[in-house]
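These notes concern the structure reproduced below.
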Amino acid sequence: MASPERKGPRFEKEADPVETFVELEGPEVGEAAPNFTLESHLGGTVSLAEFRGKSHVVLFFYPKDDTPECTKEACSFGSSLKAFERRGAVVLGVSRDSVKSHAKFAAKFDLTFALLSDPEGEVSREYGVLKRKSLYGRAYLGIDRSTFLIDKKGKVAAAWRGVKVEGHADEVLAAIGKLT
């Protein structure tokens, strides 16, 4: 005997978020950087607007706390932090990891700049860094390692996508030098 067809909301197949995901381009150089407010591992929230007129912002997006390349990248920015500050810039790291994960990562590697949590990927999507990826045949949404240099007026002064970690912090420092 054939089983009866099951219908109703309980049995409807939900749309796959990876399949239905539409990638955004993100801001171009010269355009206003999308504003955001995200939770920081340092406590409270950080808003891009709070730096307007005061500091340049180095906003780097990375895939995952405490993974080899992400650790190299974060530590590279961390070891150059004083140089960024001397040039009037703050450094902010963003991933989809939780605030708790960020706190453990920062403590383990003595990172003193704000790591911001974007768990739903909304800010990552606005900046055009949330992408479809594949690992072992499984599709998922992940962050494409990218950095945005935002000037004191809130405009994107430079953008690096698909970042290779080696020498990247120095490249960003050099770009800030051209702004000041």
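Before moving on, here are some points about what is shown:
- Residue pairs whose Cβ atoms lie under 6 Å apart, sitting 6 or more positions apart in sequence or on different chains, and linking a residue in the range 160-179 that is in contact (Cβ under 8 Å) with a residue 40 or more places away in the chain to a partner that is assigned to a loop (DSSP other than H, G, I, E, B), are Val163/Arg145; Ala169/Ser80; Ile176/Arg87; Leu179/Asp151.
- Residue in the range 126-164 that is nearest to the chain's Cα centre (by Cα), counting only those that are surrounded by fewer than 18 Cβ atoms within 10 Å (Cβ to Cβ) and part of a loop (DSSP other than H, G, I, E, B): Gly162
- Residue in the range 15-28 that is exposed (fewer than 12 other Cβ atoms within 10 Å of the Cβ), within 18 Å of the chain's Cα centre (by Cα), at pLDDT 55 or above and of a type in the set (D, E, K, R) present: yes
- Neighbours by Cβ (under 8 Å, 6+ apart or cross-chain): first from the range 72-90, over 17 Å from Lys178 (Cβ atoms); second surrounded by 17 or more Cβ atoms within 10 Å (Cβ to Cβ) and polar (S, T, N, Q): Val90/Ser55
- The residue that is nearest to Ala159 (Cα to Cα), among those in the range 32-91 that are among the β-branched types (Val, Ile, Thr) and surrounded by 17 or more Cβ atoms within 10 Å (Cβ to Cβ), is Val58.
- Conditions (1) over 18 Å from the mean Cα position of the chain (by Cα); (2) surrounded by 14 or more Cβ atoms within 10 Å (Cβ to Cβ); number of the one not met by Ser98: (1)
- Total residues in the range 145-164, condition small (Gly, Ala, Ser) and modelled with pLDDT under 95: 1
- Residues within the range 143-174 that are out of contact with any Gly (no Cβ under 9 Å at 6 or more places or on another chain) and of a type in the set (Ser, Thr, Tyr), tallied: 1
- Cβ pairs under 7 Å, 6+ apart, first in the range 28-49 and on the phi > 0 side of the Ramachandran plot, second assigned to a strand (DSSP E or B): Gly30/Lys155; Gly30/Val156
- Residue-level check: of (1) surrounded by 19 or more Cβ atoms within 10 Å (Cβ to Cβ); (2) within 17 Å of Glu73 (Cα to Cα), Thr112 misses just (1).
- The single residue among Ala157, Ala83, Ala74 that is of a type in the set (A, V, I, L, M, F, W, C) and closer than 18 Å to Gly26 by Cα turns out to be Ala157.
- Residue match in the range 83-106 (condition: in contact with a Pro (Cβ under 9 Å, 6 or more places away or on another chain) and within 20 Å of Ala33 (Cβ to Cβ)): yes
The values are calculated or read from the model by the stated rules, or taken from the named source; none is laboratory data. These figures come from a predicted structure and were not determined experimentally. Note: ideal-geometry Cβ built from the backbone for every residue, glycine included; neighbour counts use all protein chains shown.
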